Every structure is written in C-alpha cells, then in structure tokens.
Amino acid sequence: MSLMNWLSNFLSFEKPLGELLTRLLFYLFIIFILWRGVETLVFYLTYFGENFGMALWGILKTPVVVIVQLLMLRVFTEAVLAVLRLDKSHEE
C-alpha cells in the first residue's frame, strides 16, 4: 500500500475522525506518561547522594504511579470510545 493511499484512508471525510483521534491521543499520552516516568526515575537516581530515603521511596513509587496512570488512561479512552460507539449506534 502506498503512502498516499494510507494517508488518504486516514484523512477520508466519509469516516468519523473520533475513533482515529482518540487512538492517536491514546498513543501520544502513553509516550508522554512513559517519558515522565523515566524523567522522574532519573531524578530520583540522581537524588541518592542527598537524601537516601526519599530517593529510594521515589524509585519504588515511580513504576507504581506510571502503571496507575496508564490504567486510568486506558479506562478513560475506553469510556470515550464507548460514547463514540453509542453516538454512532443512534444514527443508524
């Protein structure tokens, strides 16, 4: 499949863009959450020399916070997609 066919398939005005935009934002937020998690982890790794207890707590807490944020994102995305599907079912 050529790039133009692929691009025109996504930019087609015959299909609603709600699901596509939701999926795109979902993946962008996954990247953002993971980036912030790595950034926080690096911060706590560099903090070991000043306050060992806080750095250790931050390193243990960061993966849990990232997992909870990813789960919340998944639930929110599924709710938005359910509303979009519900909206589509009323049109038919």
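The values are calculated or read from the model by the stated rules, or taken from the named source; none is laboratory data. On a predicted model such as this, the values are computed, not experimentally measured, just so you know. All Cβ positions, even for glycine, are placed from backbone atoms using ideal geometry, and neighbour counts span all protein chains on display.
A few comments on the model shown:
- Checking each residue in region 12-63 for being among the aromatic types (Phe, Trp, Tyr) and surrounded by fewer than 12 Cβ atoms within 10 Å (Cβ to Cβ) picks out Phe13, Tyr27, Trp35, Phe52.
- Pairs meeting the criteria (first residue in region 64-77 and under 16 Å from Ile31 (Cβ atoms), second residue of a type in the set (Lys, Arg) and surrounded by 12 or more Cβ atoms within 10 Å (Cβ to Cβ), beta carbons under 8 Å, at least 6 apart or on different chains) are Val66/Arg36.
- Some residue of region 47-60 being touching a helix residue (DSSP H, G or I) at 6+ places or on another chain (Cβ under 9 Å), small (Gly, Ala, Ser) and assigned to a helix (DSSP H, G or I): yes
- Cβ separations smaller than 8 Å between residues 6+ apart or across chains give the following pairs from region 81-92 residues that are on the phi < 0 side of the Ramachandran plot to residues that are at pLDDT 80 or above and surrounded by 10 or more Cβ atoms within 10 Å (Cβ to Cβ): Leu81/Glu19; Leu81/Thr22; Leu84/Glu19; Leu84/Thr22.
- Selection within region 1-46: residues that are of a type in the set (S, T, N, Q) and in a helix (DSSP H, G or I). The member of this set that is modelled with the highest pLDDT is Thr40.
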